[in-house]
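Notes to accompany the following structure.
The values are calculated or read from the model by the stated rules, or taken from the named source; none is laboratory data. On a predicted model such as this, the values are computed, not experimentally measured, just so you know. Positions of Cβ are backbone-derived with ideal geometry, glycine not excepted, and every protein chain shown enters the neighbour counts. The protein model used for the area step is the full one, side chains on, heavy atoms only, and it has no ligands, DNA or RNA in it. Shrake-Rupley method; radii C 1.70, N 1.55, O 1.52, S 1.80 Å.
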Amino acid sequence: MNASENISYTVVERFIKYTAVDTQSDPSSATCPSSEKQKDLARILVSELLVIGLEDAHVDENGYVYATIPSNTEKNVPVICFCSHMDTSPDCSGANVKALIHKNYQGQNIILPDDKTQVLKMRDHPDLKDQIGNDIITASGKTLLGADNKAGLAEIMDAANFLVSHPELKHGTIKILFTPDEEIGRGVDKADLKKLNADFAYTVDGETAGSIENETFSADGITLIINGVSSHPGFAKGKMESAVKIASQIVACLPKEKLSPESTEGKDGFIHPVSISGSVEQAVVEFIIRDFTRIALRSYERILDVIVQEVLEEYPNSTYQLIIEEQYRNMKEVVDQHPRLMELGVKAIERAGLIPKIQSIRGGTDGSRLSFMGLPCPNIFAGEHAFHGKQEWVSIQDMQKAVQTIINLVLLWEEES
């Protein structure tokens, strides 16, 4: 059966309900989840999963939601997990979100009513050109929408509802995992993969309809500590070596026309200073470095080290330390070892009537870390656009196509086992 046939969608109602729950994660918190309010949505999701009929649905003490759709086939089918995150970005308010539906979009500017300076224009959002005749959901202008990744949540929930309601459709065991704190890089820190017991997974957290992503950045964080020389500023001649000025000079020496987020795209990586703090005696600069290969990351670390050494030549009594921390790795290294993941993903998108687009992510997903934790996990589209800001949007029709794709994937894994 093609999943585009006879689907009674619940995705829009679920999505709007979820957007009304504030689940913004908090990078300054050491708890898991980082904000207790994420559990408010977790409890709603568990309640809905139980109503659907997934008897083992529950949220654990860390805010992770687990559920199982049992197998109804005699075939030996790999256990497939679908994963989305519940939190929204700390970059923009997620409180009191008012989701608005703009029906039958015809290319016009979309003015958000609660802040009329927030205007969605096709020139700024070129993917809108593919939405003529569709229904666009936005927030009202004061908050983000939360399509990243409540669209993914709603799509997985809608697909689960459909599969349980149609027992004649044969499938293997399906696992559901909803995570907290993805937006602050901790999405799978406390995920219990033994309890999950899946063979493969798909995150539903991508952008354009039809896209499937098998590659992410590899990522490291670098902390640069500069130890300068402090003295009374009135008597500092020939003595003071200000760590703040040294750090600022290092940042100013970074490449600007390349290896910078502002000047790169596609497969180009970068060295990016994200914060600088300190005093005359000591300053700290935090960097993130990103590329699709580990070799390139090592080269960026050497480039940064050379820049620091060259600047420090002017300050003979000052010292520095570079601390490198691995953050995540390109999931392609793992996903490529399991070609059926992508092959069936592409077929599922085609069955939904879309042209598959195999893409790379200039960032990371829960799937990056899950892959290296032993659960190979590419990323399929949820339809979200302009995430982390007030002009975030998603179309109803793209969310429905994502539901079809998830169902198609489930059926294909059974058919081809």
Solvent-accessible surface ranking, highest first, for V59, V334, V394 at 1.4 angstrom:
V59, V334, V394
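Any idea what the dipole of the stretch 286-377 comes to, in debye rounded to 20, about its Cα centre with Lys/Arg Cβ at +1 and Asp/Glu Cβ at -1? Intermediate results must be reported in sequence, preceding the final value.
Numbers: 12 positive and 14 negative charges, 159 e Å.
Using only the charged Cβ atoms, the result is roughly 760 debye.
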Mind checking which of C83, H102, T73 is farthest towards the positive end of the chain's charge dipole, using Cβ charges of +1 (Lys, Arg) and -1 (Asp, Glu) about the Cα centre?
H102
Anyone know which of A30, A402, A67 comes out most mobile in the 10 Å Cα GNM of the chain?
A30
Computed over the Cα atoms of the chain, the Rg and Dmax in Å are 23.6, 85
With θ set to phi - 60°, apply the Karplus curve 6.51 cos²θ - 1.76 cosθ + 1.60 along the stretch 60-72 and write out the HN-Hα couplings as whole Hz, x wherever there is a Gly or Pro.
8, 5, 9, x, 8, 9, 10, 7, 9, 9, x, 5, 10
Report R298's accessible area, 1.4 Å probe, all protein chains in place, as a number in Å² to the nearest 10.
80 Å²
Any residue on another chain or 5+ positions along whose placed amide H is under 5 Å from the amide H of A382 is listed here as D205, G206, E207
Dipole of the stretch 134-239, positive end: most advanced residue of T173, S211, L144 [Cβ charges, Cα centre]
L144
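Quote the charge dipole size of the stretch 92-147 about the Cα centre in Debye, to the nearest 20; the model charges only the Cβ of Lys and Arg (+1) and of Asp and Glu (-1). Write out the running numbers ahead of the final one.
Values: 7 positive and 6 negative charges, 25 e Å.
Around 120 debye, computed over the stretch 92-147.
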Rounded to 10°, Cα long-axis angle of helix 294-312 versus longest principal axis of the chain:
20 degrees
Taking placed amide H atoms and a strict 5 Å upper bound, the residues 5 or more places from T88 or on another chain that come that close are T23, Q24, S25
Label H388 and E415 with points 7 Å out from Cα along Cα→Cβ: what is the distance between them in nm?
3.8 nm
How large, in percent, is the carbon and sulfur part of the accessible surface of the chain at a probe radius of 1.4 Å?
50 percent
Once you've got the GNM for the chain with C-alpha springs shorter than 10 Å, pick whichever of S275, S371, S35 has the biggest mean-square fluctuation.
S275
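Going by the alpha-carbon gyration tensor, a ≥ b ≥ c the square roots of its eigenvalues, is the stretch 27-85 rounded (a/c under 1.5) or, if a/c is not under 1.5, prolate (a/b greater than b/c) versus oblate? Spell out each step's value before the answer.
Details: a/c = 3.70, a/b = 1.99, b/c = 1.86.
Cα axes put the stretch 27-85 in the prolate bin.
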Cα centroids of the stretch 337-397 and the stretch 156-183: how far apart, whole angstrom?
16 Å
Return P(r) of the stretch 290-353 (all Cα-Cα pairs; 5 Å bins starting at 0; whole %; ordered from short to long distances).
4, 12, 15, 12, 12, 10, 9, 7, 6, 5, 4, 3, 1, 0
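What GluC sites (Glu not before Pro) in the stretch 16-72 are in a loop by DSSP, with at most 15 other Cβ atoms within 10 Å of the Cβ? Each step should come with its number before you reach the end.
Values: sites: E36, E48, E55, E61; in loops: E36, E55, E61.
In loop regions of the stretch 16-72 (DSSP not H, G, I, E or B), the sparsely surrounded GluC sites (Glu not before Pro) are E36, E55, E61.
Tell me whether the stretch 263-385 comes out rounded, prolate or oblate; compute the Cα gyration tensor, take square roots of the eigenvalues as a ≥ b ≥ c, and use a/c under 1.5 as the rounded threshold.
Numbers: a/c = 3.10, a/b = 2.77, b/c = 1.12.
Prolate.
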Centre separation in Å (Cα based) which lies between the stretch 190-265 and the stretch 60-115
28 Å
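Rank I276, I101 by accessible area, highest first, at a 1.4 Å probe radius? Let's see the in-between values first.
On the way: I276 90, I101 65 Å².
My answer, sorted largest first, is I276, I101.
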Considering only DSSP beta bridges where both residues belong to the chain, give the percentage that are antiparallel (nearest 5).
70 percent
Longest principal axis of the chain (C-alpha) makes with the long axis of helix 243-252 (C-alpha) an angle, in degrees to the nearest 10, of 60 degrees
Charge sum, other residues only, whose C-beta stays under 11 Å from L297's C-beta, Lys/Arg counted +1 and Asp/Glu -1:
+1
The size of the Cβ-based charge dipole (Lys, Arg +1; Asp, Glu -1) of the stretch 143-192 about the Cα centre, to the nearest 20 debye, is 160 debye
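Quick one: net charge around P376, please, counting Lys, Arg +1 and Asp, Glu -1 for every other residue with C-beta under 15 Å from its C-beta.
Details: positive: K175, R329, K332, R340, R369; negative: D199, E213, E215, E333, D336, E343, D366.
It works out to a net charge of -2.
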Phi angles of the stretch 162-173, converted by Karplus (6.51 cos²θ - 1.76 cosθ + 1.60, θ = phi - 60°) into ³J(HN,Hα) in whole Hz with x for Gly and Pro, give 5, 5, 5, 6, 10, x, 6, 7, 7, 7, x, 5
Qualifying lysines (Cα of each under 19 Å from Cα of K175; at least 8 residues distant if same chain):
K75, K150, K190, K194, K195
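Hand me the GluC sites (Glu not before Pro) from the stretch 128-200 located in a DSSP loop with no more than 10 other Cβ atoms within 10 Å, in residue order please.
Of the GluC sites (Glu not before Pro), the ones in loops of the stretch 128-200 whose Cβ has at most 10 other Cβ atoms within 10 Å are E168.
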Quick one: accessible surface of T19, probe radius 1.4 Å, all protein chains present, in square angstrom to the nearest 10.
0 Å²
If you take every residue apart from T143 with its C-beta less than 14 Å away from the C-beta of T143, what net charge results, scoring Lys and Arg +1 and Asp and Glu -1?
-2
Picking from G367, Y64, V229, whose Cα lies most toward the positive end of the charge dipole for the chain (charges on Cβ: Lys, Arg +1; Asp, Glu -1)?
V229
So how tilted is helix 396-415 from the main axis of the chain? Cα-based, degrees 0 to 90, rounded to 10.
70 degrees
